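Shown next, in structure tokens, is the structure this report addresses.
Here, each number is a calculation from the coordinates, and none is a lab measurement. Because the structure is predicted, anything quoted here is derived from the model rather than measured. In this analysis, Cβ positions are derived from the backbone assuming ideal geometry, glycine residues included, and neighbour counts consider all displayed protein chains.
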Amino acid sequence: MKKILFIEDEAAVQKTLGESLRKAGYEVQSALDGELGLALAKKGEADLILLDIMLPKLSGLEILERIKQDEKIKDIPVIILTNLENIAEVERAVELGAKTYLVKSNYGLEEVVEKIKKVLNGN
Amino acid sequence: MPFNLFSQCKRYKIPLWQCPQFLFMIMGLFIIVASLVFYFIGERQISDPRIVALIVVLVAMVLLIIAFIITHSFEVLAEANRMKTEFVNIVSHQLRTPLTNLRWGTQFLLSKDFQNSDQKLKADYFDIIKENSNRMEVLIDDLLTIMRLQEGKMDTKKSFFELKTLIEEVLEEYKSFLKANNLKVELMAEGELPYVYASKTLLKIVLQNLIGNAINYNRPGEKIEISLEKNKSRVIFSIKDKGIGIPKKDQRYIFEKFFRAENAIREEVNGTGLGLYIVKLILDSMDGKIWFNSKQGKGSVFNFSLPIKNN
């Protein structure tokens, strides 16, 4: 079973998207803040990391930077999941090495699950 | 023309001495005056070229200073503009988050996954929808309050009234919530307290926010204490809770727009990050002062004071 690390501080998003991914057959590990998220990422167990940008303690961009600096985990695909209006900031995430980004409010739940599936199958 | 200039500067919402149009006018006037003075004294003093040089240097210095202030004033305007964009960005983020939750929550309720879920999960989804529509409502209310305050469209008619009665009115709104959560609020207002002269509508918003915060952040079962006192010239309101408190490093940001203390986010207390900003905005507009003491894990005391006016 493929494992997804889901770093997102919104408990409701963790629930809705997390549950849908579980129903789609993935193992989902949740982190509600940046520090915990990075610590779990460093274990290198995930096949994919879903990352929010506005996070308490450590921002998503910082986490992304540290992931990409870490030889052991730098090849794990990262998808940025955000609701930020400021596309410049989001695009910076792609420059830093994120696979892609999804603006949450632009997609329905099923579409997001589909997009995540695609990235996971691409590997 | 000068009328235009003043109204334009007023529109920027910055002081006159920071308004570029005004500063350009000052610079122009200064150049004209300096040239005229130069022309008239030049007739008599031209014999000594050192004096001419000195005057030129002085005029150049003043022009340089004005030019410097103008550059700075453009920076202030640019900064205000940047902050506006930033504000719009954050607002849209804050609005989209509950919207996403509502959308994804209902999509799950409509999916076939929902049929196969247990009761607990189903209940969680209904909670998400209830909570997020609530959140949306509070956020929109707060944003509208700020907009109305900034545009002066709020009912700010002043009147004389008793602060104590207004507090009791606000507490009445929270009555069922207090009962349901087994919270007690004690109101201590001894002796004869003077009336305040202020906008009741605005002060009610202040009280709703401060009392609401104390209730939301308090530990279950703990008592909240409200006291009213007066000194020579002011009425002082304090509200004390035994809640999660504000971490020291977060205290200086607590009145900023959208700021929420780290522990408030961590403990998932709902909030928009706008309440205390609104409180300060209102109190500032009525010669009120606000201050607080807080210790993380122990609780907070928020105080404000208002000038006493004799009827």
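When the residues of segment B:119-140 are filtered to those that are more than 11 Å from chain A (Cβ to nearest Cβ) and among the aliphatic types (A, V, I, L, M), which remaining residue is surrounded by the most Cβ atoms within 10 Å (Cβ to Cβ)?
Filtering segment B:119-140 for residues that are more than 11 Å from chain A (Cβ to nearest Cβ) and among the aliphatic types (A, V, I, L, M), the one surrounded by the most Cβ atoms within 10 Å (Cβ to Cβ) comes out as B:LEU139.
(1) in contact with an Asp or Glu (Cβ under 8 Å, 6 or more places away or on another chain); (2) part of a strand (DSSP E or B): which one isn't true of B:LYS204, the others all being true?
(2)
Looking only at segment A:1-29, count how many residues are part of a helix (DSSP H, G or I) and in contact (Cβ under 8 Å) with a residue 24 or more places away in the chain.
Summing the residues that are part of a helix (DSSP H, G or I) and in contact (Cβ under 8 Å) with a residue 24 or more places away in the chain in segment A:1-29 gives 5.
Within 24 Å of B:SER92 (Cα to Cα) and not in a strand (DSSP E or B), is that true of B:LYS130?
Spelling it out, B:LYS130 is indeed within 24 Å of B:SER92 (Cα to Cα) and not in a strand (DSSP E or B).
Does B:ASN89 qualify as being closer than 30 Å to A:LEU102 by Cα, away from chain A (no Cβ under 14 Å) and in a helix (DSSP H, G or I)?
Criteria not met by B:ASN89.
For segment A:16-23, does any single residue satisfy the condition of being within 11 Å of chain B (Cβ to nearest Cβ), farther than 23 Å from A:GLY97 by Cα, surrounded by fewer than 18 Cβ atoms within 10 Å (Cβ to Cβ) and over 11 Å from the mean Cα position of the chain (by Cα)?
The answer is yes, given that some residue of segment A:16-23 is within 11 Å of chain B (Cβ to nearest Cβ), farther than 23 Å from A:GLY97 by Cα, surrounded by fewer than 18 Cβ atoms within 10 Å (Cβ to Cβ) and over 11 Å from the mean Cα position of the chain (by Cα).
Give the residue, chosen from A:LEU58, A:LEU102, A:LEU36, that is outside any helix (DSSP H, G or I), more than 12 Å from the chain's Cα centre (by Cα), within 28 Å of B:PHE258 (Cβ to Cβ) and without any contact (Cβ under 8 Å) to a residue 60 or more places away in the chain.
A:LEU58
Just give me the residues in segment B:288-311 being under 16 Å from B:LEU207 (Cα atoms) and not hydroxyl-bearing (Ser, Thr, Tyr), in sequence order.
Within segment B:288-311, B:GLY288, B:LYS289, B:ILE290, B:TRP291, B:PHE292, B:VAL301, B:PHE302, B:ASN303, B:PHE304, B:LEU306 meet the criteria.
So, in segment B:262-297, of the ones that are farther than 25 Å from A:ASP9 by Cα and assigned to a loop (DSSP other than H, G, I, E, B), which residue ends up farthest from the other protein chains (Cβ to nearest Cβ)?
B:ASP287
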